[in-house]
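One structure below.
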Amino acid sequence: MENAITVKKLSKKFREQANSKSLKEFLLNLSIKNRPKNKNAQIFKDISFTIKKGEFFGIVGRNGSGKSTLLKILAGVYVPTSGVVEINGRLNPFIELGVGFNPELSGRDNVFLNASLLGFSRDKITKIYDDIVEFAELDGYMDLKLKHYSSGMQVRLAFSVAIRAESDILLIDEVLAVGDAAFQQKCFKYFDGLKKEKKTVILVTHDMAIVERFCDRVLFIDKTKEVKVYGVSEAVSHYNDVNSGDKRGENPFRKTPARIERVQLFNSDLDNTLIIKAEEKITIRLYIDNKSNEKSLSITTSLFGNDWVKLIDFDIYEAPMSIGLNEMEIVLDSLPLNSGKYSLIFGLYGKETQYDLYDDLTVQIKNLNDNKGILIPKYRWAVKAIK
């Protein structure tokens, strides 16, 4: 069977103050919240694999392993440090949905703007406009400015526009799995259609149920170990084994000179579980022991659903840190999410390295209104030294 994508000895390093090497990379970097990058951070090295035409190919791995970076290289957004990527066919990346959307324009105007960026003529957009609105379930909202849309509404509209693009190869990031259950099922039906049409699909995801349902083969990325293509059942088993071993005491970051000693949620760290209502203000306190030589550290915050779909992702860059123990307080105005249990993960970064990963916290939310979608909550933060 003919290859759709061939990757040979692909490597990627990030360096500080690197210039964007393409217009697409520059535009995406305006909307992507980049992690602090090491001066010579090796994301992955000498990756080689092939993807057959008509194959539904998964890419999985732990956070920070380089999955999304690899996808952006395949899309031409990032330029590899070394190696070769051969693309055989027209490629459409669903990586950063809604790039090019303008919050001051109406939903209708944004459809025409975004679809034109995908190469559609105005006449073509007019013909498919009603189908886009129907799929997004936004009839009656299209004359509102986009800034008045919920995050879930924006995702539905962006996805509905993106799937109209004609292509042979689709690159899909995990962002497509967010949203309410009904819209997720609509996305999955779309995936079913792609499989029936023998479209080549590359999917980055944390959801092993999606891997088992759709994927033919899976690339597992582990930046500290072997990068290998597996069969589906073997990949799922390997993924679960790797993640089940990621306990607090076994974390390799625990021996570093800067670490998150403790996290206190809503003034109570009972069983590392927080039970809240959606409209409640949430206080998070991180106790950070800084024995490094750095006077500022960066903190990433990510919240995942029980299927490991990322729902919250925000960064605090270069927070001032004293030598010794520091208390950082983060206040979130609310968490408008569905009822359920969520996993909360914090990363601690310096200018040239990741120091710690704190990942054994659970948030349980109840009594919610029906708000869905990717969330960047309003938040405030402050740091003080503890003598």
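Just so it is clear, none of the values below were taken in a lab; they were calculated from the coordinates. What you see is a predicted model, and the numbers here were worked out from it, not measured in a lab. Virtual Cβ from ideal backbone geometry, glycine too; neighbours counted across all protein chains shown.
Of note:
- Per-residue 3J(HN,Hα) values for the stretch 122-129, derived from phi via the Karplus relation 6.51 cos²θ - 1.76 cosθ + 1.60 with θ = phi - 60°, read 4, 4, 5, 4, 4, 5, 9, 4 Hz in sequence order (x marks Gly and Pro).
- Label point distance in nm, Ile386-Glu234, each placed 7 Å from Cα along Cα→Cβ: 4.7 nm
- Out-of-range pairs (alpha-carbon distance over 18 Å; input Lys124/Lys145; Lys52/Lys195; Lys196/Lys228): Lys124/Lys145; Lys196/Lys228
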